[in-house]
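Engineer: Structure below; questions to follow.
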Amino acid sequence: METETPRPMFDTDEMVLNMGPQHPSTHGVLRLVLKLDGERVVGCDPVIGYLHRGIEKLSEHRDYTQVVLLTDRMDYVAAATNNLGYVETIEKLYSLEVPRRARYIRTILAELQRVASHLLWLGSSAGDLGALTVLLFGLRERELVLDLFEEYCGARLTYNTMRIGGQPVDVPPDWGRKILAFCDEQERKLPDYEDLLTNNRIFLQRTKGIGVISGADAIALGLSGPPLRGSGVARDVRKDEPYAAYDEMDFDIAVGTEGDTYDRYLVRLEEIRQSLRILRQAVDGLPEGPVMGKVPRLIKPPAGETFHAIEAPKGELGFFVASDGKSVSPYRMRVRPASFCNLQALPRLVVGHLVADVVALVGTIDIVLGEVDR
Amino acid sequence: MSEGEKPAPEQIPTAPPAAKPAAPSGPKGEAKAGPAKTEAKPAAPPGPPDPEPPPDAAVPACVTALQSGLPGAVEHVSVWVGDWTVVVPAGRLVDAATFLRDQAACRFDYLSDLTAVDWLGRDARFDVVLCLYSTALRHRLRVKVRVADGEPVPSVAGLWPAANWLEREVFDMFGITFTGHPDLRRILMPPDWQGHPQRKDYPLEGPGELLMENPQDWLKAGQAAVESGIE
Amino acid sequence: MVETVIVPLIVILTVLFAVLTTVIFMVLLERKVQAWVQVRYGPMRVGYHGLLQTVADVLKLFLKEDITPARADRWLFTIAPLMALVPALIAFAVIPLSRDLTLFGLRFPGQVADVNVGLLYVVSVGTLGIYGIILGGWASNSKYPLLGSLRSSAQIISYEIAVTMTLVTVIVLSGTLSMTGIVHAQLDKGWWFGFMQPVAFFIYFVGGLAETNRLPFDLPEAEQELVAGFHTEYSGMRFAFFFLAEYTNMIVISAVATTLFLGGWLPPFPNVAWLGFLGVVPGWAWFMLKTFGFLYVFLWVRATFPRYRYDQLMRLGWKWLIPLSIANLVVTGLMKVLV
Amino acid sequence: MITATHYLLLSVGLFSLGVIGVLTRRNIIIILMSIELMLNAVNINLVAFSHELQNVVGQAFAVFVIVIAAAEAAVGLGIILAFYRNKETVNIDEMNLLRW
Amino acid sequence: MAEAAAFYILAALILGFGVLVVTAKSAVHSVLFLVADFLCVAALYVTLQAEFLAVIQVMVYAGGIVVLYLFVVMLVNLKRPPDAQRDPRRLGRLGAVLAVAVMVELAAILAVGWSRPEGEAGALGPSNVAQVGRALYTDYLIPFELASILLLVAMIGAILLARREM
């Protein structure tokens, strides 16, 4: 009678668990097929595509100006930076000269968008860990940004603020003063979040040392934005390949050290501060001049293709546009979404942690499914 | 999109056109006789111009290093609006990629993007485009591989794990298979989807309600619809 | 006959009425406090400033359809919420609300029953509450509520050890198990036990949070977690019972804390002469004030803290609270013997 | 008037219920519970006599019986868990091996 | 008079629940009846002026041990084990007959002893808790310490037996 080895009590032979697609903390329609051994995650396979609207295919049947509307709906939390990325790629393709004032306005819009996106990230990921108050605080400040956008372009979510060659509308009268007022208000409110979270023992235990990824792995996996900088890689498109008016702005890049969830949290908070700094410089230095460059009535760029990336709040947002020189719509419009590449790292981050950490990790890579699925 | 004659571009004023683009709804061109050329110009096959670099342009160190390091790996070098592009044959892609990643002159450790462009009508139909970036030397390079429909491309997922999902998306959307890819399956479309949506000969409206076994079926269905005068 | 039947009946009814209204008011207060912390209004629509909100909620729950999951153990499924609510309510029998009052010539005792094993009674009735949770999970006949119920009961049991240890330190100080005895002991010593035993008070507070599954220990019902809480399958009135049971438990914990650590119905600093004028305020008013103060802290904590992960929660319970409370007990014992 | 014998009769009834449970049931957990019933019956006896003879020793001893019942239950259930993990059954008839 | 009524009700309840525990089909139901049974026994102790023991019974027995049973019953029933066939050699009937014989025999002994004069049922003294406590810590200190060691051993044993091999 050989004695067989006692099987584990629950002998949950690798329970497979579906987290999503309707789950409160997956930030949209993302489904994670988790393989669990008891409480520990052994395998994770993200299933995406629920929000795939085929924006790239659609853009081949819209003319260049209409595509700006499509880009609004990709990362619907940061529509202005999507517009900026697309519009700048076409200007590079068409080698158009954008007036300095338009570039300043675009920088202001992009930084406002970064603050708003980080605030929403802060609220939702802290809310997932149970700190509901931070969610409400974050959304309260975000309202101020939405008001500023509404004043400039009339919309609160999908702005359609930019045109190829410049800005459609000039700045409303005392818009600049309101932005400065917002910056001061936001500067005063940041300590509110930090009191609640930064040195809160429970938050530290839930985030320190969770989802650690080294700099080299982050680069290899194609991470970008805060997840990449959280691991100590000082890579920021605004510094490396300055666009819009970032070459005239003085700001520094927030870089983490360990590459865990807590560092990414600190990096994003620091980025909000840097954005406020840029906003102040941009508003003060807003030059006079036209807002719209010399653009032919009918936009038909010459045959050719180009790739241009900008620093969206989620990471490096790249556009690869090919034109065949004959038709009015882009022959091929490819989007390199930051959330898509960051989400790819999730399985590597999650394996080995507990199920409860999956919630924190989905929050820390800050994905928006509109951008992932396009 | 093999939808036959596209109306002359002048007709679309800058004002937004009617809700649907003026292109006729149902695919008109007869599929079997080879797709009609979308471009009016019959002579030059469709494809990116890839202009020759002007003689005085300073060829970046990485391109010259690649040309000297792997003789014959580089078919064509071009530069346009400041982007350097290198065209590499499919067979030599992995060697070139390893060279570009590891050599001191290049150190392209960051695969920013991997995508494909469908130049319908050209015999080597697909352009697989790799946008590389070096976080150390802060410069960019685009590597292109021209492949025909059905011809596999060696996967670079081994060199840059970032390529894993990017290649899966290209496979899902264009049907280009990547040999050596750890887990090549559809990523955005449902697993049992027929056809590859972002090909130029795939209608914008999709295959309609009936998921055809064979992608060509909807062409016939579309034609049948047109003949019966629906719409 | 009047003395033995009607007076206790009246006292019981008043206590029950007081508890139930406090529960109703607590539900509203919780949403208002959380709203106030988060710079918003909270329920404003029903009644003046949302006062009738909870009544509306309870009515809604009564009218909602009571679904019983297929193949669930129907009989068990119905009594589980009761088993959660009843122990919480009967725990109030021994809590001294105020001094003995003499109204219309009748002597009304300050508490329903002055049992000389009062404190032990509260603890043992507390353990009975666990059955409601376990059976609630088991009767829903699906894997996740069962796992959720096992988790929350394991959490309650492990924190109960720490809480019971702190209660023992209070018994060491007061020398008696009867609750009024403890209040009188605080009167004689002139100091509330909360000041003499800050560590025990703190552990009791944290244990109380864990025992009622309140944030930051509300993992079992946290909606973001995968393993859902034990009352996912419940709806309508049965869910209302679980809901009321949680709040009644909260009130029991606060009432016991007030009696043990904040001197029950004693005015603050009872023996300090010049503070005598505080005595004019009746005992039960002080009791209510302190209990509400304690409850407010419950709500305040819920609005500010994130949530512990399950293993961190258990580690905190076993590796920190229990050793700390035992150490505290030993120290108190030594102090009592030596000094 | 309730005398000690009433309590004794009650505890006899309870004790024999426990014995029936042990002898007739096949699920080992029910058997352990029946043993608890028997221990309870013993406790009732102890308390009844302590009440009748005005001597608190009976109750003190009842506390010890509860302690033993607790220890027995803990270890018994431990054994059942270990056994269940191997044999996937709690049926007493299949527990006929001294070593498994 | 009230005390007699209380005794009879409680006795009936205890025996009734006892029968249900033994005959309940589902294990969870019998655990529940066990809890009810212990609560009635605790109430019985109160009528015997043994409040301390009543509360201990509720806390330790009903609140502790039976929760343990409930946990184990649930963990064991998670995966419905196939109903093992009845072992032919099991003589259920004989067991029942023997049990009844035991009961008859005990009742006979009691009947003989019936004629003993019943003692006076006086109160047990001021505070039952204090008395039990004093007894435990003075005359029965050694058994008390032994009991605590026994509990310690049982705890370690249970943990080792039920621990899931990591």
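Engineer: Which one of A:GLU56, A:GLU88 is more than 16 Å from A:GLY165 (Cα to Cα), within 14 Å of chain B (Cβ to nearest Cβ), modelled with pLDDT of 90 or more and out of contact with any helix residue (DSSP H, G or I) (no Cβ under 7 Å at 6 or more places or on another chain)?
Structural biologist: Values: A:GLU88 fails: more than 16 Å from A:GLY165 (Cα to Cα).
After applying the criteria, what remains is A:GLU56.
Engineer: Consider only pairs whose beta carbons are under 8 Å apart and that are at least six residues apart or on different chains; among these, list those whose first residue lies in segment D:1-26 and is at the interface with chain E (Cβ under 7 Å from one of its Cβ atoms) and whose second residue is of a type in the set (Phe, Trp, Tyr) and assigned to a loop (DSSP other than H, G, I, E, B).
Structural biologist: Cβ pairs passing all conditions: D:THR5/E:TRP114.
Engineer: For C:ARG302, indicate whether it is farther than 24 Å from C:TYR247 by Cβ and either more than 11 Å from chain A (Cβ to nearest Cβ) or of a type outside the set (A, V, I, L, M, F, W, C) (or both).
Structural biologist: On the way: farther than 24 Å from C:TYR247 by Cβ: no; either more than 11 Å from chain A (Cβ to nearest Cβ) or of a type outside the set (A, V, I, L, M, F, W, C) (or both): yes.
So C:ARG302 does not fit the description; no.
Engineer: Kindly indicate whether B:PRO161 is assigned by TED's automatic domain parsing to the domain that holds B:LEU93 and touching a Gly at 6+ places or on another chain (Cβ under 7 Å). Steps first, please.
Structural biologist: Details: assigned by TED's automatic domain parsing to the domain that holds B:LEU93: yes; touching a Gly at 6+ places or on another chain (Cβ under 7 Å): no.
It is false that B:PRO161 is assigned by TED's automatic domain parsing to the domain that holds B:LEU93 and touching a Gly at 6+ places or on another chain (Cβ under 7 Å).
Engineer: Yes or no: segment C:98-116 includes at least one residue that is at pLDDT below 85 and crowded, with 24+ Cβ neighbours inside 10 Å.
Structural biologist: At the first step, the residues of segment C:98-116 found to be at pLDDT below 85 are C:98-116.
Narrowing the set further to residues that are crowded, with 24+ Cβ neighbours inside 10 Å leaves C:111.
For segment C:98-116, residues at pLDDT below 85 and crowded, with 24+ Cβ neighbours inside 10 Å: present.
Engineer: Same structure again: Anything in segment B:86-109 that is over 11 Å from B:LEU141 (Cα atoms) and touching a helix residue (DSSP H, G or I) at 6+ places or on another chain (Cβ under 7 Å)? List them, or say none.
Structural biologist: B:VAL88, B:ALA96, B:PHE99, B:GLN103, B:ALA105, B:ASP109 - these are the residues of segment B:86-109 that are over 11 Å from B:LEU141 (Cα atoms) and touching a helix residue (DSSP H, G or I) at 6+ places or on another chain (Cβ under 7 Å).
Engineer: Can you go through A:ILE213, A:ILE202, A:ILE179 and tell me which one is more than 14 Å from chain B (Cβ to nearest Cβ), in contact with a Leu (Cβ under 7 Å, 6 or more places away or on another chain) and among the aliphatic types (A, V, I, L, M)? Give the derivation first.
Structural biologist: Working: A:ILE213 fails: more than 14 Å from chain B (Cβ to nearest Cβ); A:ILE202 fails: in contact with a Leu (Cβ under 7 Å, 6 or more places away or on another chain).
One residue alone meets the criteria, A:ILE179.
Engineer: Also: Would you list the helices (runs of 4 or more DSSP H) that sit entirely within segment C:249-339 and hold 3 or more residues that are more than 21 Å from the chain's Cα centre (by Cα) and β-branched (Val, Ile, Thr)?
Structural biologist: Counting at least 3 such residues, we get C:322-338.
Engineer: I need the full set of residues from segment E:1-23 which are more than 7 Å from chain D (Cβ to nearest Cβ) and hydrophobic (A, V, I, L, M, F, W, C), in order please. Step through it out loud before you land on a result.
Structural biologist: Filtering segment E:1-23 down to residues more than 7 Å from chain D (Cβ to nearest Cβ) leaves E:1-2, E:5-6, E:8-10, E:12-13, E:16-17, E:20, E:23.
Answer for segment E:1-23, where residues must be more than 7 Å from chain D (Cβ to nearest Cβ) and hydrophobic (A, V, I, L, M, F, W, C): E:MET1, E:ALA2, E:ALA5, E:ALA6, E:ILE9, E:LEU10, E:ALA12, E:LEU13, E:PHE17, E:LEU20.
Engineer: Suppose we keep only residues that are over 22 Å from A:LEU266 (Cβ atoms) and either without any contact (Cβ under 8 Å) to a residue 40 or more places away in the chain or part of a loop (DSSP other than H, G, I, E, B) (or both) within segment A:341-374. Which one would you say is nearest to the other protein chains (Cβ to nearest Cβ)?
Structural biologist: A:ARG374
Engineer: Next question, about the same structure. Which is facing chain B (nearest Cβ under 8 Å), within 23 Å of A:LEU228 (Cβ to Cβ) and either of a type in the set (S, T, N, Q) or touching a Lys or Arg at 6+ places or on another chain (Cβ under 9 Å) (or both), of A:ALA322, A:ALA303, A:ALA309? First the steps, then the outcome.
Structural biologist: Working: A:ALA322 fails: within 23 Å of A:LEU228 (Cβ to Cβ); A:ALA303 fails: within 23 Å of A:LEU228 (Cβ to Cβ).
Being facing chain B (nearest Cβ under 8 Å), within 23 Å of A:LEU228 (Cβ to Cβ) and either of a type in the set (S, T, N, Q) or touching a Lys or Arg at 6+ places or on another chain (Cβ under 9 Å) (or both) holds for just one of A:ALA322, A:ALA303, A:ALA309, which is A:ALA309.
Engineer: Of everything in segment C:121-130, what is within 7 Å of chain E (Cβ to nearest Cβ), crowded, with 24+ Cβ neighbours inside 10 Å and touching a residue at least 40 places away in the same chain (Cβ under 8 Å)? Give them in sequence order.
Structural biologist: none
Engineer: Also: Search segment B:159-187 for residues being among the small types (Gly, Ala, Ser) and free of Cβ contacts under 8 Å to residues at least 40 places away in the same chain, and hand back the single one that is nearest to the other protein chains (Cβ to nearest Cβ).
Structural biologist: Of the residues in segment B:159-187, the ones among the small types (Gly, Ala, Ser) are B:162-163, B:175, B:180.
Going one step further and asking which of them are free of Cβ contacts under 8 Å to residues at least 40 places away in the same chain, we end up with B:175, B:180.
Values: B:GLY175: 14, B:GLY180: 17 Å.
My answer is B:GLY175.
Engineer: Taking segment D:62-100, which residues are under 16 Å from the mean Cα position of the chain (by Cα), more than 7 Å from every other protein chain (Cβ to nearest Cβ) and crowded, with 19+ Cβ neighbours inside 10 Å?
Structural biologist: D:GLY76
Engineer: Oh, and also: Name the one entry in B:ALA148, B:ALA116 that is more than 8 Å from every other protein chain (Cβ to nearest Cβ), surrounded by fewer than 17 Cβ atoms within 10 Å (Cβ to Cβ) and not polar (S, T, N, Q). Before you say what the answer is, go through the steps one by one.
Structural biologist: Values: B:ALA116 fails: surrounded by fewer than 17 Cβ atoms within 10 Å (Cβ to Cβ).
Just a single option satisfies the conditions, and that option is B:ALA148.
Engineer: Could you tell me whether segment C:270-280 includes any residue that is surrounded by 13 or more Cβ atoms within 10 Å (Cβ to Cβ) and more than 30 Å from A:LEU197 (Cβ to Cβ)?
Structural biologist: Of the residues in segment C:270-280, the ones surrounded by 13 or more Cβ atoms within 10 Å (Cβ to Cβ) are C:270, C:278.
Still in the running and more than 30 Å from A:LEU197 (Cβ to Cβ): C:270, C:278.
The answer is yes, given that some residue of segment C:270-280 is surrounded by 13 or more Cβ atoms within 10 Å (Cβ to Cβ) and more than 30 Å from A:LEU197 (Cβ to Cβ).
Engineer: Report those helices (runs of 4 or more DSSP H) wholly inside segment E:44-117 carrying at least 3 residues which are buried (at least 22 other Cβ atoms within 10 Å of the Cβ) and either at pLDDT 80 or above or at the interface with another protein chain (Cβ under 7 Å from one of its Cβ atoms) (or both).
Structural biologist: Working: elements: E:51-56, E:66-77, E:92-113.
Once the helices (runs of 4 or more DSSP H) in segment E:44-117 are filtered for at least 3 residues that are buried (at least 22 other Cβ atoms within 10 Å of the Cβ) and either at pLDDT 80 or above or at the interface with another protein chain (Cβ under 7 Å from one of its Cβ atoms) (or both), what remains is E:51-56, E:66-77.
Every residue, every condition in (1) assigned to a helix (DSSP H, G or I); (2) at pLDDT 90 or above, yes or no:
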site	(1), (2)
D:LEU14	yes, yes
D:LEU23	yes, no
D:HIS51	yes, no
D:GLN54	no, no
D:ALA74	yes, yes
D:TYR84	yes, no
D:THR89	no, no
D:TRP100	no, no
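Engineer: For segment B:119-133, what are the residues that are within 11 Å of another protein chain (Cβ to nearest Cβ) and in contact (Cβ under 8 Å) with a residue 60 or more places away in the chain?
Structural biologist: Within segment B:119-133, B:TRP119, B:LEU120, B:GLY121, B:ASP127 qualify.
Engineer: Same structure, new question: Restricting the search to segment C:10-29, which residues are crowded, with 17+ Cβ neighbours inside 10 Å and within 15 Å of C:ALA245 (Cα to Cα)?
Structural biologist: Step one: list which residues in segment C:10-29 are crowded, with 17+ Cβ neighbours inside 10 Å, which gives C:11, C:15, C:19, C:22-24, C:26-29.
Correct list: C:VAL19, C:THR22, C:VAL23, C:ILE24, C:MET26, C:VAL27.
Engineer: Let me ask you something else. Taking segment A:337-374 as the region of interest, how many residues are crowded, with 24+ Cβ neighbours inside 10 Å and of a type in the set (D, E, K, R)?
Structural biologist: Qualifying residue count for the region: 3.
Engineer: Those residues that are assigned to a helix (DSSP H, G or I) and within 9 Å of chain D (Cβ to nearest Cβ), I need them from segment E:153-166; list them, please. Write out each step before concluding.
Structural biologist: Applying the first criterion (assigned to a helix (DSSP H, G or I)) to segment E:153-166 yields E:153-162.
If the condition is that a residue be assigned to a helix (DSSP H, G or I) and within 9 Å of chain D (Cβ to nearest Cβ), then E:VAL153, E:ALA154, E:MET155, E:GLY157, E:ALA158, E:ILE159, E:LEU160, E:LEU161, E:ALA162 are the ones that fit.
Engineer: Of all the residues that make up segment A:323-336, how many are surrounded by fewer than 23 Cβ atoms within 10 Å (Cβ to Cβ) and of a type in the set (A, V, I, L, M)?
Structural biologist: Summing the residues that are surrounded by fewer than 23 Cβ atoms within 10 Å (Cβ to Cβ) and of a type in the set (A, V, I, L, M) in segment A:323-336 gives 1.
Engineer: Would you point out which residue out of B:CYS106, B:CYS131 is under 22 Å from B:PRO53 (Cα atoms), buried (at least 21 other Cβ atoms within 10 Å of the Cβ), over 19 Å from the mean Cα position of the chain (by Cα) and not aliphatic (A, V, I, L, M)? Steps first, please.
Structural biologist: Numbers: B:CYS131 fails: over 19 Å from the mean Cα position of the chain (by Cα).
Just a single option satisfies the conditions, and that option is B:CYS106.
Engineer: Kindly indicate the residue of segment A:211-226 that is in contact with a strand residue (DSSP E or B) (Cβ under 7 Å, 6 or more places away or on another chain) and over 19 Å from A:CYS44 (Cα atoms) and also surrounded by the most Cβ atoms within 10 Å (Cβ to Cβ) among those meeting that condition.
Structural biologist: A:SER224
The values are calculated or read from the model by the stated rules, or taken from the named source; none is laboratory data. Note that this is a predicted model, so its numbers are computed, not measured. Methodologically, a virtual Cβ is constructed for each residue, glycine included, from the backbone with ideal geometry; neighbour enumeration extends over all protein chains shown.
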